[in-house]
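Taking it in order: structure first as structure tokens, then the write-up.
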Amino acid sequence: MSDFYHLSANSLRGEALSFDQYKGKVVLVVNVASKCGLTPQYEGLEKLYQDFKDQGLVILGFPCNQFGGQEPGGVAEIEQTCRINYGVTFQMFEKIEVNGNGTHPVYKYLKKELPGMLGNGIKWNFTKFLVGADGKPIKRFAPTTAPKDLVRDIKKALEQAA
């Protein structure tokens with residue numbers, strides 16, 4: 001079994017969720033922020049989710065306040081931005097750290113498997129990781145990569161999962 005499926009994280013409401021529930025699914029993991037110039041990507045991420053969830057895509061959003069203090073709020077403010085402002089229905093998690101000593105285990109794993117331009121670090125909000133249905137990380141995308149530009153890679157991963 002992939003190490004990815006041994007991971008877990010707390011939902012935005014504090015419920016512990018095991019990643020083994022994502023076995024057989026293609027997973028897109030994204031560190032997000034509510035007050036970032038890239039925040040409108042929530043719309044594109046939600047469109048990806050709506051377009052591909054019935055084929056096996058799951059999107060996991062991890063709020064992070066490590067880049068310019070762009071996710072300063074608590075649960076209520078994050079929910080307001082995600083659900084009310086952008087209509088987000090994909091799974092959101094508690095605010096985490098993606099760099100430094102407090103790096104969440106999900107990001108320790110993803111960065112080890114798919115290092116980026118800065119080596120092991122996450123450059124900014126909305127860095128995206130695509131994980132195959134077998135739990136193996138496939139590709140890392142830059143923060144500025146628009147969600148619509150992931151369609152080809154998502155389709156390919158979903159086809160491989162079928």
Gain on full stretching of the segment that runs from residue 35 to residue 113 - 0.36 nm per residue minus C-alpha separation: 25.2 nm
Mind putting a number on the dipole of the range 1-63 about its Cα centre? Charges go on the C-beta only, +1 for Lys and Arg and -1 for Asp and Glu, and I need it in Debye to the nearest 20. 80 debye
For the pairs 123/156; 53/156; 35/112; 23/148; 112/155; 35/108, note any where the Cα-Cα span goes beyond 22 Å. 123/156; 35/112; 23/148; 112/155; 35/108
Given charges of +1 on the Cβ of Lys and Arg and -1 on the Cβ of Asp and Glu, with all other atoms neutral, how large is the dipole of the chain about its Cα centre, in debye to the nearest 20? 400 debye
Among 96, 59, rank each residue by its count of other Cβ atoms within 10 Å, from fewest to most, as a rough exposure measure. 96, 59
What is the distance in Å between the Cα centroid of the range 107-162 and that of the range 43-77? 14 Å
Take each of the peptides 82-89, 27-34, 44-51, average the number of other beta-carbon atoms within 10 Å over its residues, and list them starting from the highest. 27-34, 44-51, 82-89
For the range 3-161, rounded, prolate or oblate, judged on the Cα gyration tensor with a ≥ b ≥ c (square roots of eigenvalues), a/c < 1.5 rounded, else prolate if a/b > b/c? rounded
If I stretch the segment between residue 11 and residue 23 completely, what's the gain in nm (0.36 nm per residue apart, minus their alpha carbon distance), one decimal? 2.5 nm
So which aspartates and glutamates can residue 136 reach, going by Cα to Cα under 16 Å and dropping same-chain residues fewer than 8 places off? 3, 20, 113, 153, 159
Two pseudo-spin positions, 7 Å from Cα along C-beta at residue 80 and at residue 97, lie apart in nanometres by 2.7 nm
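Only the coordinates and a few stated rules stand behind these numbers; no lab work does. The model shown is predicted, which means the values in this text are computed figures rather than measured ones. Quick reminder, even Gly has a Cβ in these numbers, built from the backbone with ideal geometry, and neighbours come from all protein chains shown.
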